[in-house]
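In what follows, a single structure is set out as structure tokens and then discussed.
Read-outs throughout are calculated quantities, based only on the coordinates presented, and are distinct from any laboratory measurement. These figures come from a predicted structure and were not determined experimentally. Virtual Cβ from ideal backbone geometry, glycine too; neighbours counted across all protein chains shown.
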Amino acid sequence: MLEIERDESMNTQKMDHRVRVTHTLLKEALYKLVKTQSVQEITIKDLCFVANINRTTFYAHFHSVQDLIEKSESELWVDLLLLIKHSEKDINYFSNQIFFDVYELSNKYHELFELLIIKNADPHFVEKVYNLGRSAFKTSYKKSKNSKDDARMEYYYISVLNSFIGILRLWLINGMKETPHEMAETTKKIITGGIHFILEDR
């Protein structure tokens, strides 16, 4: 009985390894293809050719190219959700450390971030980020009691988020020359200092 359980466990591990390898090969193929063509132009045939995988294997894991993108994106959301949960409990984290951690994530998932932010593989990505972070932002800065202040809070939040996404996008386009720490400091200064960022003495 013990031998049977051990064999089943080993078979499961082998299967899990094969699944991870297949997913990795397809994601790498996607990142390679998107450098020369739009996401909409990429076909399953293209992916299978570059990944050296047959179509049957592809369909055993994904329904479409978009399904591959969404499942790749889901890995990122797990990490982003952890950052948001942390920020809901600690206002100092939300105001400071979260900048660095997001750039660290961008460094870790840079090909996926390029796919989502530069290539616009998921047109709703920014909206998802907006919705994910809204409650943490309001919790950290204490939601105002009147509707006027609520509206101002929304305007400020979307301006901060759009600034952050824009800076992150430019960093990716420029080849991520600065370190995550340098970009975190730059982003904080721009968001908190506004025009004073470019007027201050260096």
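Structural remarks
- Chain lengthening between TYR157 and THR192 when straightened (0.36 nm per residue, less Cα-Cα): 11.4 nm
- Each of TRP171, TRP77 was scored by other Cβ atoms within 10 Å of its Cβ. Arranged with the fewest first, they read TRP77, TRP171.
- Burial ordering of TYR59, TYR31, TYR155, TYR103, fewest other beta-carbon atoms within 10 Å first: TYR155, TYR59, TYR31, TYR103
- Charge tally in the Cβ shell below 11 Å around GLU114, where Lys, Arg are +1 and Asp, Glu are -1, GLU114 excluded: +2
- Cα-centre dipole for the range 67-199 with unit charges at Cβ (Lys and Arg positive, Asp and Glu negative), debye to 20: 680 debye
- Spacing of the modelled spin labels on ASN52 and LYS71, each 7 Å from Cα toward Cβ, amounts to 2.1 nm.
- For ILE173, ILE44, order by how many other beta-carbon atoms lie within 10 Å, fewest first: ILE173, ILE44
- Theoretical gain in end-to-end length, THR179 to HIS17 [0.36 nm per residue, Cα-Cα removed]: 55.1 nm
- The value of relative contact order for the range 67-199, using C-alpha pairs under 8 Å at least six residues apart, is 31 percent.
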